[in-house]
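J.: Questions regarding the structure given below will be posed in turn.
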Amino acid sequence: MDRDDSSSEPASAQETGILESTRGLTAVLDCLPHSAWIFDRSGRYVFQNRIDRETHGSAVGLLPSEAGLGPEEGQAWTEMHLRVIGGERVHYSREMETSRGRVVSETSIEPVMADGVILGGVGVSVDQTSRTDAVRRLNEAHQRLAEFVAVSSDWVWETDEEHRFTSVMGDGERLGLDFARWIGRTRWEVANGDPGTDPLWKDYAETVARQLPIVNFIFPGVRTNGDPIWVEVNGRPRRSPDGRFLGYRGVTRDVTRRETMAEQLRRSDIVIRATNNAVVVCDRAGRVRWVNTAFERLTGYSEAEVLGQKPGALLQCPETDPETVREMGAAIAEGRPVRVQVLNQSRTGRRYWLDLDIRPIREEGAEPEGFVGVQTDVTELVEARALLHDVIETIPDAIAAFDAEDRLILFNRSYRDYYALSAKLIREGTPFEDILRHGVAAGQYMDPGATEEQREAWILNRIEIHRNPPSEPSIQLLSDGRWLQVSERRSTSGAIVGARTDITALKQAELAIRHTAETDGLTQLANRSVMTRELDKALQGKRTRDRVGAFVIIDLDHFKSINDTLGHDAGDALLRVVAQRLRRLLRRGDVVARLGGDEFAVLLTGLANELAAERMAEKLHKALTARTRLGDRMMRPGISMGVTLFPADGDTPTDIIKNADIALYQSKAQGRNGWTLFNPQLRRRLERRHELGDALRRAISAEEIDVAFQPQLGFGDRRIVGFEVLARWQHAGQTISPLEFIGIAEDLGLGGVLGRAIMERAFATFSEAAGERSAPGQLAINLATSQLKDPHFPDYVAEALARYALDPRQLEFEVTETVLLDRSAERIAETLTALRRLGISLALDDFGTGYASLTHLKRFPVSRLKIDQSFVRNIGQSEDDAAIVRAIIGLAHSLGMTTVAEGVETQAQLLYLEQLGCDIAQGFFIGRPARLPSWWVAPREPAESGNHSI
């Protein structure tokens, strides 16, 4: 149909009739800010208001199917027109693209009647785009709230295998929940649910019975004050290492606000679909001319009550913003559109927020005839914003959100309080980077770096973490000593939301635990792990003086003997004394640690040469060996030290500690109570020791260990009364000293094996050499501590003696005094007693040189004392030595024991010992060790020429 697009004149008598019937209505419709139209009985358009024409183009005189709406939509509209002509009322909503962009509209079409006859119909499509946007904003506000809640769980819990609560951790007082009463009860018991009758709890009970994860389980409950609460539960099964079900562990969130808002949204959706927005038409003076039924429902006033009244006089309340009122008045006076949010109250006094869109009613180019106002109730949106603000203000954590362009859009008071030095820039719209840089400049953070380059690198790293948040929280230390755990995430809208939790108490506890773990409880010194770490740190030091220095290992000589003789309390006291002396002696920056037992270590940086290291070692040794009181006794501790330089002697903690150990070992080998400076030769000695250890294992397995027999002469008839068995080992063409390889065997745990090898060889050789001799004498064999600790040793000895047809009385075991001082003295005493019961005698070797007390002679079944050669050597020239030997012989005889003098090398010594009453002599004058036992005596001096035998 060829018509002017702006015309709304009738095209036929039928059109004229219906227009005449709706003339008053067309004036109103033309003023509406929504699409409105009238159609005749044939369904053809006879009137369009300005909004409809601008939106869809002119269609007067056309059926909808002819109006350019497209075949399907045009046919649908034609059918709706015909349904209305048939007497129906049509109401529906739709979203479409128009010349004005995306439009969401709600359409109502009703019949137009005159004298009971349907003349046509009238339709109005109300633009609900603003309403839809408001709902979307409300949804976004809800989403943002959910994101804040997600970074801070309300409470966590655990249940047992019967699904009863065993632990609940959370702020029950704030939440209004009595967690203590939950313990021992199931979740459905706490919520008064019945899995037998309630489908919700039946599904839950089946889930936990099958030990499946609990995912987003939502149920209602009641707070202690009677208020309702909705919670969302997520949990995972707990299992023991063997797979046994232990219960559940999970997180529960208070989602009351979310569920309430969701319910409100559902209600709003029903309202939106069931009703139109409130619409009011006013004249030029702002007095009401017409309102729709939605307005009546919203305000509580009927149309009759508001006609001729000004809406503001009826609906505004004392809390209505005066500035908003002035803005609306100015727009109406100037005849221009305005859109505001305003707080009104209904007839009943209910306050509600409106999104009010006021537009002038005017003909094109004419003065306004009045105004039409479309009102959208946005109370929920405003309250949701207020709720969001209230929620984050009640959260003790610092909450902040930044938009997609990293500008601050929301924060709570705690965020400003935590970053007090940055508070000047904490306001909406400030970029995160600006806040961060201001805080660094103001000293907000503990250690962002000492140089400009370091600070810039720190800032860039923090910005990267902020903009691309990791899955795990990061830790931040502020200059006021507070520790913050920073949890951030990026939302689907691009915003960055984050929570900062004060974990200062947790970090302090963690530091205290670390201090305990890294501190020796007795001396309060650092332990081995700390020393290793500090040594590595020194080697990687930034300053040259930090990368050079000395490392000292300190060992208390004979500490075990102190524990055994004076008691462990005295030993502990001595360790504390050493620790105190080290603390007083060392410089700031030096590190001292107790490595364990009686071993200490000192790290001294800045000592660049051997002279400086030796001076420091001398100073340490002098201070540590000063006399001290332990209980009621004064003593001077013996201190052995090993000193090594770094990086000259090693450039790794392992090498340095090993070298110091080697030097310490050398100090002990040289007689203890001194210090040794490491050199490569010491390492070679240790390497030799390792080499000999491996070779010794092979030699024992190959039965390459041999023995020698040194005769013992009885003073009574000057005959051979026995032999001491001495171990011998040839390795790589060299004779290895017994002192060396027996010590190595003990260190490697081969003492027992070596002892049996010696005994087997000695028994076999002696048994064969003795032949049919009626009195071949005794075999004296030295025993190691490890043999005496073996509970099966006496059984082995008895079996071996029987195997070689030897009488137990022919065997004598020699032990040193230090063996009797071993911590396993009870075990050793049991072994010695068992050997004594077999008829084997026991000799105490090197008597007078150790730490044994006389009580040991009563405690252990000793039958013979061996006088050490150090007392025999000068027996004719030294009155002291003679007195000592005389005392030992007298002591032995008074206790029913015999004596053996070792190291007899001259006839004068032999005669002197005979005068003192010694029982047996042994030494080179009597006979040197030989591979086979010999019962012949060959004195080396003329007066004793000739051979004697028994």
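J.: Where residues in the stretch 310-325 are free of Cβ contacts under 8 Å to residues at least 24 places away in the same chain and under 60 Å from the mean Cα position of the chain (by Cα), which of them is surrounded by the most Cβ atoms within 10 Å (Cβ to Cβ)?
T.: Once the filter is applied, the top-ranked residue is Thr324.
J.: Restricted to the stretch 575-593, and to residues that are touching a strand residue (DSSP E or B) at 6+ places or on another chain (Cβ under 6 Å) and assigned to a helix (DSSP H, G or I), which residue is nearest to Gly606 (Cα to Cα)?
T.: By that ranking, first place goes to Leu582.
J.: Could we say that Gly650 is within 29 Å of Met531 (Cα to Cα), open to solvent by less than 60 Å² (accessible area, probe 1.4 Å) and without any contact (Cβ under 8 Å) to a residue 12 or more places away in the chain here?
T.: Numbers: within 29 Å of Met531 (Cα to Cα): yes; open to solvent by less than 60 Å² (accessible area, probe 1.4 Å): yes; without any contact (Cβ under 8 Å) to a residue 12 or more places away in the chain: yes.
Judged against the criteria, Gly650 is a match.
J.: Right, another one. Taking into account only those residues within the stretch 44-57 that are open to solvent by less than 50 Å² (accessible area, probe 1.4 Å) and at pLDDT 90 or above, which is farthest from Leu19 (Cα to Cα)?
T.: Checked the stretch 44-57; the qualifying residue farthest from Leu19 (Cα to Cα) is Asn49.
J.: If you don't mind, there's one more thing I want to ask. Regarding the stretch 781-797, can at least one residue be identified that is part of a helix (DSSP H, G or I) and more than 60 Å from the chain's Cα centre (by Cα)?
T.: From the stretch 781-797, those part of a helix (DSSP H, G or I) are 785-788, 793-797; that's our starting set.
From the residues that got through so far, the ones that are more than 60 Å from the chain's Cα centre (by Cα) too are none.
Taking every residue of the stretch 781-797 in turn, none turns out to be part of a helix (DSSP H, G or I) and more than 60 Å from the chain's Cα centre (by Cα).
J.: Now a separate question. Of Ala400, Ala420, Ala441, which residue is surrounded by fewer than 14 Cβ atoms within 10 Å (Cβ to Cβ), closer than 27 Å to Ser479 by Cβ and of a type outside the set (Val, Ile, Thr)? First the steps, then the outcome.
T.: On the way: Ala400 fails: surrounded by fewer than 14 Cβ atoms within 10 Å (Cβ to Cβ); Ala420 fails: surrounded by fewer than 14 Cβ atoms within 10 Å (Cβ to Cβ).
None of the others qualify; the one that does is Ala441.
J.: Name the residue, out of Phe741, Phe715, that is in contact (Cβ under 8 Å) with a residue 12 or more places away in the chain, of a type in the set (Phe, Trp, Tyr) and more than 16 Å from Ala699 (Cα to Cα).
T.: After applying the criteria, what remains is Phe715.
J.: Further question on the same structure: With a cut-off of at least 1 residues that are farther than 30 Å from Leu356 by Cβ and at pLDDT below 90, name the helices (runs of 4 or more DSSP H) lying wholly within the stretch 111-195.
T.: 129-150, 172-175
J.: Now a separate question. Search the stretch 483-528 for residues being charged (D, E, K, R) and surrounded by fewer than 15 Cβ atoms within 10 Å (Cβ to Cβ), and hand back the single one that is farthest from Leu436 (Cα to Cα).
T.: Only one residue fits best here, namely Arg514.
J.: Which condition number in (1) touching a residue at least 12 places away in the same chain (Cβ under 8 Å); (2) open to solvent by less than 40 Å² (accessible area, probe 1.4 Å) is the one that Gly449 fails?
T.: The single condition Gly449 does not satisfy is (1).
J.: Can you tell me which residue in the stretch 736-758 is modelled with the highest pLDDT, limited to those that are touching a strand residue (DSSP E or B) at 6+ places or on another chain (Cβ under 6 Å) and assigned to a helix (DSSP H, G or I)?
T.: Taking the stretch 736-758 as the starting set, the residues that turn out to be touching a strand residue (DSSP E or B) at 6+ places or on another chain (Cβ under 6 Å) are 736, 738, 741, 758.
Add one more test, that the residue is assigned to a helix (DSSP H, G or I), and what stays is 738, 741, 758.
Numbers: Pro738: 90, Phe741: 89, Ile758: 96.
If we take residues in the stretch 736-758 being touching a strand residue (DSSP E or B) at 6+ places or on another chain (Cβ under 6 Å) and assigned to a helix (DSSP H, G or I), then Ile758 is modelled with the highest pLDDT.
J.: Also, quick follow-up: Return the pair list, or none, for Cβ contacts closer than 6 Å from residues in the stretch 378-404 that are within 21 Å of Thr504 (Cα to Cα) to residues that are of a type in the set (Gly, Ala, Ser), at least 6 apart or on different chains.
T.: Short answer, once both residue conditions are applied: Asp397/Ser152; Asp397/Ala499; Ala398/Ser414; Ile399/Ala499; Ala400/Gly498.
J.: Continuing with this model, one more query. What strands (runs of 3 or more DSSP E) completely inside the stretch 830-905 contain at least 2 residues that are open to solvent by 30 Å² or more (accessible area, probe 1.4 Å) and closer than 20 Å to Gln787 by Cβ?
T.: Working: elements: 841-847, 864-867, 898-901.
Filter on the stretch 830-905 gives an empty set.
Results for (1) outside the structural domain of Glu54 (by the TED database); (2) open to solvent by 20 Å² or more (accessible area, probe 1.4 Å); (3) not hydrophobic (A, V, I, L, M, F, W, C); (4) not in a loop (DSSP other than H, G, I, E, B), shown as yes or no for each residue.
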residue: Gly308; (1), (2), (3), (4): yes, yes, yes, no
residue: Arg336; (1), (2), (3), (4): yes, yes, yes, no
residue: Arg359; (1), (2), (3), (4): yes, yes, yes, yes
residue: Thr376; (1), (2), (3), (4): yes, no, yes, yes
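J.: Still on this structure: Of all residues in the stretch 338-357, which are open to solvent by less than 40 Å² (accessible area, probe 1.4 Å) and out of contact with any strand residue (DSSP E or B) (no Cβ under 8 Å at 6 or more places or on another chain)?
T.: Scanning the stretch 338-357 gives a single hit, Gly349.
J.: How many residues are among the aliphatic types (A, V, I, L, M) and in contact with a Leu (Cβ under 9 Å, 6 or more places away or on another chain) if we restrict to the stretch 442-482? Talk me through it step by step, then tell me what you get.
T.: Pass one, the stretch 442-482, residues among the aliphatic types (A, V, I, L, M): 442, 446, 450, 457, 459-460, 463, 465, 475, 477-478.
Cutting the leftovers down to in contact with a Leu (Cβ under 9 Å, 6 or more places away or on another chain) gives us 442, 446, 459, 463, 475, 477-478.
Summing the residues that are among the aliphatic types (A, V, I, L, M) and in contact with a Leu (Cβ under 9 Å, 6 or more places away or on another chain) in the stretch 442-482 gives 7.
J.: Is at least one residue of the stretch 49-61 closer than 19 Å to Asp127 by Cα, touching a residue at least 40 places away in the same chain (Cβ under 8 Å), assigned to a strand (DSSP E or B) and in contact with a Ser or Thr (Cβ under 8 Å, 6 or more places away or on another chain)?
T.: no
J.: What's the number of the only condition in (1) assigned to a loop (DSSP other than H, G, I, E, B); (2) surrounded by fewer than 15 Cβ atoms within 10 Å (Cβ to Cβ); (3) modelled with pLDDT under 95 that Ile218 fails to meet?
T.: (1)
J.: So which residues in the stretch 156-182 are open to solvent by 40 Å² or more (accessible area, probe 1.4 Å) and touching a Ser or Thr at 6+ places or on another chain (Cβ under 7 Å)?
T.: Glu158, Arg164, Thr166, Asp178, listed by residue number.
J.: With (1) under 58 Å from the mean Cα position of the chain (by Cα); (2) open to solvent by 20 Å² or more (accessible area, probe 1.4 Å); (3) among the small types (Gly, Ala, Ser) as the list, and Ala384 as the residue in question, which single condition is left unmet?
T.: Result: Ala384 fails condition (2) only.
J.: Select from the stretch 251-285 the residues that are polar (S, T, N, Q) and not in a helix (DSSP H, G or I) and write down the one among them that is modelled with the highest pLDDT.
T.: Selected residue: Thr252.
The values are calculated or read from the model by the stated rules, or taken from the named source; none is laboratory data. Nothing here was measured: the structure is a model prediction, and the numbers come from that model. Note: ideal-geometry Cβ built from the backbone for every residue, glycine included; neighbour counts use all protein chains shown. Just the protein is used for accessible areas: all its heavy atoms, side chains included, with ligands, DNA and RNA removed. Shrake-Rupley method; radii C 1.70, N 1.55, O 1.52, S 1.80 Å.
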